[in-house]
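Take a look at the structure set out below.
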Amino acid sequence: MNDEKKKHKILFVCLGNICRSPAAEGVMKALVEEMGDADEWVIDSAGIGGWHVGQQPDRRMLVHARQRGLALNHRCRQVKPSDFDEFDVIIGMDDTNCQDLRYLADTVPSSVSEP
């Protein structure tokens, strides 16, 4: 029997992964840490597009996060097909991101439910 507890895995997604999704990732990490549950979670963020891959979040976002006591230690990345299998929950930051995620999910055979 495996005594290791399954981690909750959540991914926040916006267009470029430089503002909204890294901010949501930072807030969620702070919340679970405050609750003492950080070791039970995998929290990440990604972008629909790959324009900012490898970059830090936008400088303005870093400043505003820091003013609120949040550390955004993130390097931007693009959503990848394996994310649909890896994460329990994927949250798009707006309606267009959600539509794009649905389209991407439909192109990943393992993420499509059979009727």
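The values are calculated or read from the model by the stated rules, or taken from the named source; none is laboratory data. Just so it is clear, the model here is predicted, and its values are computed rather than measured. We place every Cβ from the backbone using ideal geometry, glycine too, and count neighbours over all the protein chains shown. Ligands, DNA and RNA are stripped out before the accessible areas are found, and what is left, the full protein with its side chains, is counted by its heavy atoms. Shrake-Rupley method; radii C 1.70, N 1.55, O 1.52, S 1.80 Å.
For this structure, a couple of remarks:
- Restricting the chymotrypsin sites (Phe, Trp or Tyr not before Pro) of region 1-83 to loop positions (DSSP other than H, G, I, E, B) with no more than 14 neighbouring Cβ atoms within 10 Å leaves Trp51.
- The phi-based Karplus calculation (6.51 cos²θ - 1.76 cosθ + 1.60; θ = phi - 60°) puts the 3J(HN,Hα) values of region 59-65 at 3, 5, 5, 4, 5, 5, 5 Hz, whole numbers, x for Gly and Pro.
- Restricting attention to the chain, lysine pairs at least eight places apart or on different chains and with alpha-carbon atoms under 18 angstrom apart total 4.
- Amide hydrogen neighbours beyond the local backbone of Lys9, cut-off 5 Å, H modeled: Val42, Asp88, Val89
- Between Gln78 and Gly47, the built amide H atoms are under 5 Å apart, and every one of these is 5 or more places off in sequence or on another chain.
- In sequence order, calculated HN-Hα J values of region 66-77 (Karplus, 6.51, -1.76, 1.60; Hz; x Gly/Pro): 4, 4, 9, x, 9, 9, 9, 9, 9, 10, 4, 9
- Karplus-derived 3J(HN,Hα), 6.51/-1.76/1.60, for each residue of region 6-15, Hz, glycine and proline x: 5, 7, 7, 10, 10, 10, 9, 10, 10, 5
- Note that the chain presents 66 Å² accessible area per residue, ligands and nucleic acids not counted, probe 1.4 Å.
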